[in-house]
Structures are given as structure tokens and as C-alpha cells.
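Engineer: Here's a structure for you.
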Amino acid sequence: MSEKNKNIASAKAKSIKTSMTKVNLVLKMIRGKKAENALNILAFSKKRISNEITKILKSAIANAENNHQLDIDKLVVKEATVGKSMVLKRFRPRARGRSGKILKPFSKVKILVQEKEKEKEKEKNNNSLEEKK
């Protein structure tokens with residue numbers, strides 16, 4: 001893993017039964033927030049899809065802790081993206097022998113969490129690296 005991506009963990013969900021715009025409304029609320037605050041926001045959200053997003057965020061936090069040995073208290077939601085997945089096509093009879101198309105979209109969600117160091121710690125690390133050179 002490269003130097004940049006050492007403190008990043010991710011989680012994905014491939015087929016969530018809702019449209020991209022509805023998911024994006026919820027993801028907007030948690031982008032850039034601390035992981036703990038994001039979980040609180042999702043817990044009190046009235047949107048149905050917030051339960052699914054909570055599961056994905058908890059999975060990303062668990063991945064950060066177990067796979068990358070990151071500190072949970074310093075995690076921040078770096079990126080929360082939504083993409084288009086499959087679309088179920090259904091038809092409904094309409095007037096005069098016609099049919100109306102009904103599209104039932106699915107979405108895929110990807111959440112990246114990153115460990116943010118405090119600025120003082122970054123300065124110490126940079127100073128120690130410069131001294132070694």
C-alpha cells in the first residue's frame with residue numbers, strides 16, 4: 001500500500017434499493033464529519049436509507065480498526081460517494097392499450113474513512129523527518 005493510503009479504510013455496498021439522489025441527500029450530511037458525529041447524524045435522520053448507510057459506515061470503521069490498525073477516535077469521513085447500479089424495469093397497463101414504464105433503480109455506495117492526525121503531531125513528524133535528512 002502506498003504512503004498516502006496507509007491511513008484510509010473503505011467499505012462498499014453494491015445493491016441498495018433506492019435512487020442515487022435519495023442516497024446522496026443523506027451522504028451530504030456526513031461528508032467531512034468525524035466518524036462518531038456521522039453515526040449520530042445518521043441515527044437521528046428520518047430517511048429510511050440512513051439505516052443502510054449506518055451499516056456501511058460502521059463496516060468502514062471496523063475495517064479501519066482491524067485491517068489498518070487506525071485509531072477510531074481520529075477517523076473522519078473522507079469520501080462518501082454514490083453510483084448507479086442496476087435498474088428493474090416494470091410495466092403498468094395504461095389507457096387505450098398502452099403501457100407505462102416503471103423504473104426501480106438501485107444504487108451502490110462507497111465510504112472512505114481516514115485517520116486525521118492533529119496539526120501538532122504532523123509538525124513533529126515533519127520536523128523529525130527533516131532532521132533525519
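Engineer: Restricting attention to region 1-21, which residues are within 13 Å of residue 82 (Cα to Cα) and touching a residue at least 40 places away in the same chain (Cβ under 8 Å)?
Structural biologist: 11, 12, 13, 14, 15, 16, 17, 18, 19, 20
Engineer: Out of everything in region 90-100 that is basic (Lys, Arg) and out of contact with any strand residue (DSSP E or B) (no Cβ under 6 Å at 6 or more places or on another chain), what residue ends up being farthest from residue 54 (Cα to Cα)?
Structural biologist: 96
Engineer: Here is a further query. Based on what the data block shows, is residue 81 free of Cβ contacts under 8 Å to residues at least 24 places away in the same chain, over 17 Å from residue 115 (Cβ atoms) and among the β-branched types (Val, Ile, Thr)?
Structural biologist: no
Engineer: Please go through (1) surrounded by fewer than 14 Cβ atoms within 10 Å (Cβ to Cβ); (2) under 28 Å from residue 103 (Cβ atoms) for residue 43 and return the number of the only condition it doesn't satisfy.
Structural biologist: All conditions are met except number (2).
Engineer: Considering only residues of region 71-108 that are among the β-branched types (Val, Ile, Thr) and out of contact with any Ser or Thr (no Cβ under 7 Å at 6 or more places or on another chain), which is modelled with the lowest pLDDT?
Structural biologist: Looking at residues that are among the β-branched types (Val, Ile, Thr) and out of contact with any Ser or Thr (no Cβ under 7 Å at 6 or more places or on another chain), I get 72.
The values are calculated or read from the model by the stated rules, or taken from the named source; none is laboratory data. Fair warning: this is a prediction, and the values are worked out from it, not measured in the lab. No Cβ is skipped: glycine too gets one built from the backbone with ideal geometry, and neighbour counts run over all protein chains shown.
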